[in-house]
Amino acid sequence: MQVIGLCRFSYPAEGGFQVEHADIAQRRSYLYAPDRIETRMRSFEAITLPALKAQTDPDFTFAILIDEALPPALLERLQALVADLPQAVLVPRAPGPHRKVCQEVLNAARQDRGAPCIQYRLDDDDAVAVDFTARLRADAARVAPLCAENRLVTLDYNRGYIVSPSANGIRAEETVLPYYPMGMAMVVQGGVGQSIMNFAHGKVARFMPTVTFTDSAMYLRGHDAFNDSRQKAHVQPVRLPLADAATLALLRDRFAVTEDQVRRVFA
């Protein structure tokens, strides 16, 4: 069964953000502000990409949705970051309705629209575990009768870590978050045009069966001052402890993220 990941890399969609902008020009200005885009580039390199490059099952597609007008210097840098990730495909698109464009990108990535596939979504500062692709296939097989009887089934992996990388190292804390985007996947039956991006992540259980797995850490949720969810007024700060030796070992083994690399990238 084909596994497809989607990452929206600072794509200036119409909608899809908690912070509103007057027009696409203003949204691009916000997304590509030097401090913000530098942080996202570094997080993508140090947090998101290592586990994708270390997947125990390398048979997956990773579509990276980007602005067709992404500044050339940023495009070249992004191309260099994924040069050794053959599963990655940069997909430039003009700004358009958020869910519609993402659905189109996911469906275009399907090798056989008549066959079922597994889809997941990932922000450009989040990560999945090194065995995520393998787990998706194995768990979809475990619940195959349920999947066969339903157009869509959500696989929910609710255990992971919130992480904040910097030149000083990694701050991290374990968390359990049900139905959060970076810990979810969706089994989509053949011939079904809907995608994981057609649903608000917290509401999927209203529309389809869901199966939750909580046995091991399966995601990293990136945290920094530029997170979309942190731009509104009165948002409480998240205070994360410095990662101890046990946590650093888990981040290395489960996500291929090392403190040395994080310090180097963010130096």
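The values are calculated or read from the model by the stated rules, or taken from the named source; none is laboratory data. Note that this is a predicted model, so its numbers are computed, not measured. Here the Cβ is made from the backbone with ideal geometry for all residues, glycine too, and neighbour counts use every protein chain on show.
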Every residue in region 14-33 that is surrounded by 15 or more Cβ atoms within 10 Å (Cβ to Cβ), at pLDDT 90 or above and part of a loop (DSSP other than H, G, I, E, B), please.
Y32
Examine region 39-60 for a residue that is farther than 30 Å from R137 by Cα and part of a loop (DSSP other than H, G, I, E, B), and state whether such a residue exists.
no
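Of everything in region 173-186, what is touching an Asp or Glu at 6+ places or on another chain (Cβ under 9 Å) and not aromatic (F, W, Y)? Give them in sequence order. Before the answer, list the steps.
The first filter runs over region 173-186 and keeps only residues touching an Asp or Glu at 6+ places or on another chain (Cβ under 9 Å), leaving 178-185.
Result: P178, P181, M182, G183, M184, A185.
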Just to be sure I understand the filter: pairs with C-beta atoms under 8 Å, separated by 6 or more residues or on different chains, first member in region 183-212 and more than 21 Å from H98 (Cα to Cα), second member surrounded by fewer than 16 Cβ atoms within 10 Å (Cβ to Cβ) and of a type in the set (D, E). Which pairs pass?
G190/D112
Restricting to region 113-146, name every residue that is in contact with a Phe, Trp or Tyr (Cβ under 8 Å, 6 or more places away or on another chain) and among the acidic types (D, E).
D124, D125, D126, D139
What single numbered condition from (1) crowded, with 16+ Cβ neighbours inside 10 Å; (2) within 20 Å of A115 (Cα to Cα) fails to hold for F199?
(2)
For the subset of region 107-119 comprising residues that are out of contact with any Lys or Arg (no Cβ under 9 Å at 6 or more places or on another chain) and farther than 17 Å from L136 by Cα, which member is surrounded by the most Cβ atoms within 10 Å (Cβ to Cβ)?
A109
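Filter region 177-195 for residues that are of a type in the set (A, V, I, L, M, F, W, C) and under 24 Å from E259 (Cβ atoms); which is surrounded by the most Cβ atoms within 10 Å (Cβ to Cβ)?
The qualifying residue surrounded by the most Cβ atoms within 10 Å (Cβ to Cβ) is M182.
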Matching residues, region 94-130, being among the basic types (K, R) and part of a loop (DSSP other than H, G, I, E, B)
R110, R113
Residue in region 241-255 that is nearest to the chain's Cα centre (by Cα), counting only those that are more than 20 Å from F44 (Cα to Cα) and part of a loop (DSSP other than H, G, I, E, B):
P241
Could you say whether any residue in region 134-151 is under 28 Å from A46 (Cβ atoms) and in a strand (DSSP E or B)?
no
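Looking only at region 61-84, filter to residues that are charged (D, E, K, R) and part of a helix (DSSP H, G or I); which one of those is surrounded by the most Cβ atoms within 10 Å (Cβ to Cβ)? If you could, list the steps in order and put the result at the bottom.
In the first step, residues of region 61-84 are kept if they are charged (D, E, K, R); the result is 67-68, 76-77, 84.
From the residues that got through so far, the ones that are part of a helix (DSSP H, G or I) too are 76-77.
Values: E76: 11, R77: 16.
Here the residue is R77.
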